[in-house]
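Student: The structure's right below; bear with me while I get my questions together.
Bear in mind that the values in this text are calculations on the coordinates, not laboratory data. Computed from a predicted structure; not experimentally measured. Please note: Cβ atoms are built from the backbone with ideal geometry, for glycine as well, and neighbour counts cover all protein chains shown.
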Amino acid sequence: MTILTAEQLTKSYGMKQLFHQISFSIEEGERVGLIGVNGTGKSTLLQVVAGVEPADSGSLMTRNGLVAEYLPQNPDYDQSVTVLEQVLGMTRHTEAEFEAKRILSKLGIEQFDERMGLLSGGQRKRVLLAGVLMRESDLLILDEPTNHLDTEAVEFLEKQLKRRRSALLMITHDRYFLDRLATRMLELDHGQLYSYTGNYAAFLEKKAERLELEQAAERKRQNLFRRELEWIRRGAKARTTKQKARIERFEQIKQAAPDRQEGELDISLSGSRLGKKVIELEQLGHAYEGQPVIRSFSAIIQRNDRIGIIGPNGTGKSTLLKLIAKRIQPDEGRVETGPTVRIGFFTQEAEEMDAAMRVIDYVKEAAEHVKTSDGTLVSAAQMLERFLFPGELQWTPIGRLSGGEKRRLYLLRILMEAPNVLLLDEPTNDLDIQTLTILEDYLDQFNGAVLIVSHDRYFLDRTAETIWAFTGGGHIAHHVGNYSEYREHLTRKPGGTEAAEPGSAKSGEKEAAKDSGRKSAERPKSLKMSYQEQRDLEHIDARIEEKEQQLAELEEAISQAGSDYDKLQKLFDQKKTVDQELEQLMERWTYLNELAEQIAEQKSSRG
């Protein structure tokens, strides 16, 4: 049953049109994820749906008696009431109070009698999220609900939302969260809204198909345009009705060119040179209000390390980054930094920006130009283009940017300073998925050390190769592997908790060495290929070439199919099958070649 229908909604902000004549509906119990690049109007669309902001035109119809709960990114609150009073409102009975305390505790809030005005921004958001979860509703509208939550709280929120019968409309950058919750995805892209049935993974697949269809149609338009252009250049004169029609068609084709490109971020910048010595932490200790947050912690951070730092909110993760950056001094121990180290620190707190300063001037304060990984000099204006700040937006005062656009601008400024050590404190907060994806690719190429504090499980899995986990009492455990491997490691350990190795962050290296020894012991004493493996190795290159040729032929057929969508769908189905076959062949090729190398190494080691 449909509970909400939006028809032909249009909304502008000043001279900028956010969305134009978009339509969609939400069904009972449906969980909808809304995504798009920052600044495209996602939060504004939620405000329109929630009835907080009117649309310029269009209509919004809801089922009679619909109860909606809306949690914006920066919600209002009463400074004078306590945490429990804020969550419970007028409801005051034992059962409700017990449930409120349970939800608050799961979200990392234990100060039930603290006044709201004394809490941090992140704590207030969690309290207000608890209030929304406490109340029954037909539609829950959440704007970035996972911001300010640690990983355990995000997992709790997932379970709570899955148990609810109400429909859900949410904006989030957390891709695991979307993948596990969403039953439909909406993408706001250049003022248009696209709907995809399924979760985030299904969205990626279906969007790729949509873009291929659009590209095929554009290729056909360009081919037709070239033919018509040649005819016009040969001196076509509009003497006959047929010739007039052809000239008119040429003008239509010329004007049909898409006025947008799929925005991409290209940030393969060259960092400054980094020497052998990077950063050494020796017996580091620090306390906050008398409570130890870091106790006797030692570690050596090496070039190209990728370290993810996790733990409950308030345990000292941001403090550790500030100590490494020397923004604060430790109570005990020391931080020794190599002479060539140049730290770029992307802080969790929004940097103070001059609202009147223009975007381009803010970036130029860091550098007029920067060198890319291939040695090319790129100007500040060109880098802004790559960061989805087109020419007209570069001269916009910073105060007119959205929160996400400001964070993206702040990230660019840091990278323009050419650091060789990056400290990223909750970088996924307020950045859209597209920016995060390209940031992940950039970190793959970054020639330096990276330390990341994050609650985003997908981002940690994608970027971290080592985990430092705050386990309580100021102890930090060390684990070699990404976040999912760390969680799997916890489930295998008796008691399910990671014991910290006092005074050293090398326990993970010892564990890795033990694992490596166990793996070596498990290997067969003598490696050899089976007859089938030998035959596969001989013929696999030819089979891969054959599949690649099939793909090329299918892509050519797609480009020639034009707007015959039945034919296009069949071709895409064939292409998908060949893609899968090629992927399987590539996996087989990797296995066979690695096996061949191991056999060769074994033979050479035996002399």
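Student: Can you grab the distance from the C-alpha centre of the stretch 414-490 to the C-alpha centre of the stretch 153-196, Å, no decimals?
Tutor: 23
Student: Now, a different point. Taking 7 Å along the Cα-to-C-beta vector as the label spot, tell me the residue 190-residue 208 distance in nanometres, rounded to one decimal.
Tutor: Taking the simple label geometry, residue 190 and residue 208 are separated by 2.1 nm.
Student: Rank 415, 450, 464 by how far each Cα sits towards the positive end of the charge dipole of the stretch 394-487 (+1 on Lys, Arg Cβ; -1 on Asp, Glu Cβ) and give me just the farthest.
Tutor: Toward the positive end, the furthest listed residue is 415.
Student: Based on the Cβ-Cβ distance from residue 59 to residue 528, what FRET efficiency comes out when R0 is 60 Å, to the nearest 0.05? Numbers along the way, then the final one.
Tutor: Values: r = 72 Å, r/R0 = 1.20.
After rounding to 0.05, the efficiency reads 0.25.
Student: Then there is this: Given the peptides 204-216, 462-474, arrange them by the average over their residues of other C-beta atoms within 10 Å, most packed first. List each step's numbers first, then the result.
Tutor: On the way: 204-216: 14.8, 462-474: 20.2.
The most tightly packed comes first, giving 462-474, 204-216.
Student: Follow-up. Can you give me the long-range amide H partners of residue 29? Hydrogens built in the peptide plane at 1.01 Å from N, cutoff under 5 Å, separation of 5 or more residues or another chain.
Tutor: 167
Student: So for the stretch 361-493, Kirkwood radius off the Cα pairs, Stokes-Einstein at 4 °C and 1.567 mPa s: how many µm² s⁻¹? Working shown, then result.
Tutor: Working: Rh = 16.6 Å.
In µm²/s, the coefficient rounds to 78.
Student: Using C-alpha positions alone, give me the convex hull volume of the stretch 531-605 per residue in cubic angstrom. Don't skip to the end; give the middle numbers.
Tutor: On the way: hull volume 5.6 nm³, N = 75.
Residue-normalised Cα hull volume stands at 75 Å³.
Student: Shifting gears a bit: Cα convex hull of the stretch 279-520: how many Å³ per residue?
Tutor: Working: hull volume 34.3 nm³, N = 242.
For the stretch 279-520, the hull spanned by Cα atoms encloses 142 Å³ per residue.
Student: Once the piece of chain linking residue 76 and residue 352 is laid out straight, how much longer is it, given 0.36 nm per residue of separation minus the C-alpha distance between them?
Tutor: Details: separation 276, 0.36 × 276 = 99.36 nm, distance 2.19 nm.
Here the segment from residue 76 to residue 352 would lengthen by 97.2 nm.
Student: What residues have an amide H closer than 5 Å to that of residue 344, excluding those fewer than 5 places away on the same chain, when H is modeled at 1.01 Å from N in the peptide plane?
Tutor: 420, 421, 422, 423
Student: Across 5 Å bins from 0, what is the distribution of all Cα-Cα pair distances for the stretch 2-203, in whole percents?
Tutor: 1, 7, 16, 19, 20, 15, 11, 7, 3, 0, 0
Student: Amide H neighbours of residue 432 under 5 Å, at least 5 residues apart or on other chains, H built in the peptide plane: list them.
Tutor: 38
Student: If you take the square roots of the eigenvalues of the alpha-carbon gyration tensor of the stretch 138-201 and sort them as a ≥ b ≥ c, do you get rounded (a/c under 1.5), prolate (a/b over b/c) or oblate?
Tutor: Here the stretch 138-201 falls in the prolate category.
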